[in-house]
Amino acid sequence: MKDVQRQTRTYLMSLFRQHGMNPRGDLGQNFLIDVNLIEFVVRHAELGPRDVALEVGTGTGGMTAFMAKEAGHVISVDIDKNMSALAAAAVQGAQNVTLINRDILKNKNTLAPEITDLIRQKVAERPHGRLKLVANLPYSVGTPVISNLIASDLPWERMVCTIQWELAEKMAAEGPGRHYAALSAWIQSQASVRILRRLGPNVFWPRPKVDSAIVSIWRNPAAAERIHDRRFFQDFLRRIFSQRRKHLRSVLSGMYRKQLDKPDVDQLLTEMSLAADQRAELMQVADLINLSNALQNTIRQRGLLPDSETDIETDSDDSETEN
């Protein structure tokens with residue numbers, strides 16, 4: 001493999017000039033140019049021979065090359081064919097790297113099946129294999145990649161990623177506050193989130209207009225077991241937080257009007273010691289899980305489970321970041 005220490009602004013500018021290329025603004029190509037930070041991300045992933053590392057946003061292959069030295073296998077995905085070509089040169093000779101030139105997402109609610117199938121195959125090849133997402137995530141796919149990976153049945157254990165600072169605040173928001181959202185509750189219901197470091201625009205080339213963060217997310221299977229039906233819970237969170245400031249009685253009566261009438265909702269809230277004027281934005285994750293479970297049980301007993309979209313809507317971002 002080529003010397004990965006050359007992942008610097010000067011080197012990248014020279015590389016792009018050599019190939020007659022420019023960073024693509026439409027893909028939000030902002031490359032991490034601090035080698036120490038690349039090493040920091042990989043080190044905190046604690047990769048080993050058991051691990052299949054999934055990278056989204058290969059870029060020129062700087063982080064990919066670092067991971068190849070530690071992981072059992074690296075699957076790196078980039079939608080830009082030019083980046084895939086540059087990365088192939090950077091990891092030349094590494095037998096444990098698979099580069100994929102395509103979108104990681106089939107749609108906003110689903111990871112691409114060809115990639116999830118490959119992940120399962122590579123994990124199965126390793127005794128006690130496990131998956132770790134280690135990436136300088138493009139801003140625009142940060143939410144769907146992390147959210148959909150959590151929703152999947154893939155054996156992920158940890159995620160260490162760079163994402164937009166605002167998104168990191170939302171993921172890590174503990175309890176009621178302006179950053180607390182459906183995504184906060186969805187992730188924290190099944191994992192632990194820690195912001196490892198805040199990053200200014202100067203550690204990227206070209207510079208983004210906002211700060212970024214390195215986050216670490218650990219899977220918590222015991223916490224996830226509290227959720228009776230994850231698809232129902234995900235839909236419940238999306239819908240209830242879309243009316244986060246309205247009174248709970250009114251919101252639930254509207255959400256499940258085909259399954260429950262208002263007296264049913266009143267009884268359920270009374271049984272759970274929740275006030276009719278409670279608001280979703282003021283509820284702790286555990287209380288949201290309990291309410292979702294109770295609603296799902298009541299509706300299921302009546303054979304009236306609703307058809308549901310399972311994505312969580314969050315604020316969209318216009319920019320992306322790659323390594």
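The values are calculated or read from the model by the stated rules, or taken from the named source; none is laboratory data. Treat the numbers as computed from the prediction; the structure is a model and nothing was measured. We place every Cβ from the backbone using ideal geometry, glycine too, and count neighbours over all the protein chains shown.
Looking only at the range 94-129, which residues are among the β-branched types (Val, Ile, Thr) and farther than 17 Å from VAL145 by Cβ?
Answer for the range 94-129, where residues must be among the β-branched types (Val, Ile, Thr) and farther than 17 Å from VAL145 by Cβ: VAL97, THR98, VAL123.
Could you check GLY20 against (1) at pLDDT 95 or above; (2) farther than 19 Å from LEU137 by Cα; (3) not aliphatic (A, V, I, L, M) and say which number it fails?
Among (1) at pLDDT 95 or above; (2) farther than 19 Å from LEU137 by Cα; (3) not aliphatic (A, V, I, L, M), the lone unmet condition for GLY20 is (1).
Every residue in the range 14-63 that is in contact (Cβ under 8 Å) with a residue 40 or more places away in the chain, of a type in the set (D, E, K, R) and farther than 18 Å from ALA87 by Cβ, please.
ASP34, GLU46, ARG50, ASP51
Does the range 244-251 contain any residue that is farther than 30 Å from SER14 by Cα and under 23 Å from the mean Cα position of the chain (by Cα)?
Yes, the range 244-251 contains at least one residue that is farther than 30 Å from SER14 by Cα and under 23 Å from the mean Cα position of the chain (by Cα).
Name the single residue that is surrounded by the fewest Cβ atoms within 10 Å (Cβ to Cβ) among those in the range 223-280 being of a type in the set (Lys, Arg) and farther than 25 Å from LYS170 by Cβ.
Looking at the filtered set, the residue picked out is LYS258.
Go over the candidates ALA124, ALA182, ALA168 one by one and state the one that is among the aliphatic types (A, V, I, L, M) and touching a Lys or Arg at 6+ places or on another chain (Cβ under 7 Å).
Result of the check over ALA124, ALA182, ALA168: ALA182.
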